């Protein structure tokens, strides 16, 4: 009879990596690719493959995605809509993106759960912290939908909140640039990239990394933020291994 130790499934966690559990935060615009709005299935499939690559290394992953490819509450409010109503519409857009990403991951045989801050029992689970943590411990990807469930809060703040609640080792924010720059690199050719920068410098220099509430929340809970280019195939895993370009925002420079 094989011993209990022999029966035990070997751990797949790569201990060389400094992370055990991370939160991936990405904007809704990532999912629309080169389209003007909506979802590009090919891009969603590519992002799902990048997430799977990280999961296979034994890293626990949860995701927060925005809804800028469908509807922005702030934009709606600026055009005369009631801000609260506009923000709730944005939360529904987040749910659409979450379901699209879940579908793409499950097509790659990656077990995934969507948890919504607003109850939608017919399509996903309600957000329950302990249940979400248990899902990740079992190797499932958890996608947090509907923001915080409250208006006036961005998905950046949702990312910082959920990362803190889930005891994540870091927030990986996937953007269209490979880090934090002194200015917009698309507009200023002289802009230089920071390798590391403190939360306070991000706030005092008014660098557009995440909104101030999200930065402050991450700072208070000492959750590092890693800014990287998610549009580059395989970059999520590469940055996790310390090989890709990125900027780390933390309490120390």
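Need the C-alpha centroid separation for segment 190-253 versus segment 118-161, integer Å.
Centre-to-centre (Cα) distance: 22 Å.
Just from the alpha-carbon atoms, what are the Rg and Dmax of segment 136-189 in angstroms?
14.8, 46
Please give the peptides 203-209, 25-31 ranked by average Cβ packing (other Cβ atoms within 10 Å per residue), highest first, as a rough proxy for protection. Each step should come with its number before you reach the end.
Details: 203-209: 14.0, 25-31: 23.0.
Highest mean packing first, the order is 25-31, 203-209.
Per-residue ellipticity at 222 nm for the chain, helices alone: DSSP H runs ≥ 4 residues times -39500 (n - 2.57), over residue total, nearest 500 deg cm²/dmol? Can you show the working numbers first?
On the way: 10 runs with 95 residues, N = 253.
Mean residue ellipticity at 222 nm (helix-derived): -11000 deg cm²/dmol.
To check you understand DSSP bridge types, tell me what percent of the beta bridges within segment 4-250 (both residues inside) are antiparallel, rounded to 5. List each step's numbers first, then the result.
Values: 4 of 33 bridges.
That works out to approximately 10 percent antiparallel.
Order of 148, 247 from fewest to most other C-beta atoms within 10 Å?
Numbers: 148 18, 247 22.
Neighbour counts put them in this order, fewest first: 148, 247.
Tell me, what are the semi-axes, in whole angstrom and largest first, of the equivalent ellipsoid of segment 17-162 as set by the roots of 5 times the Cα gyration tensor eigenvalues? Display every interim value, and only then the final one.
Values: eigenvalues 125, 60, 33 Å².
Ellipsoid semi-axes (Å, largest first): 25, 17, 13.
Return the distance in nm (one decimal) between the two label points of a simple spin-label model at residue 137 and residue 205, each offset 7 Å from Cα along Cα→Cβ.
It works out to 4.0 nm between the two label points.
Give me 75, 250 sorted ascending by neighbouring Cβ count inside 10 Å, so fewest comes first.
Numbers: 75 12, 250 17.
If I rank by nearby Cβ atoms, fewest first, I get 75, 250.
Using the basic label-point model (7 angstrom from Cα toward the beta carbon), what is the residue 190 to residue 103 distance in nanometres?
Placing both labels 7 Å beyond Cα along the Cβ direction yields 4.8 nm.
In whole Å, what three semi-axes, largest first, describe the equivalent ellipsoid of the chain built from its Cα gyration tensor (square root of 5 times each eigenvalue)? Could you put the intermediate results ahead of the total?
Numbers: eigenvalues 157, 110, 61 Å².
Rounded to whole Å, the semi-axes are 28, 23, 18.
The numbers here are math on the coordinates, done by the rules we state, and not lab data. These figures come from a predicted structure and were not determined experimentally. Cβ atoms come from the backbone with ideal geometry, glycine included; neighbour counts cover every protein chain shown.
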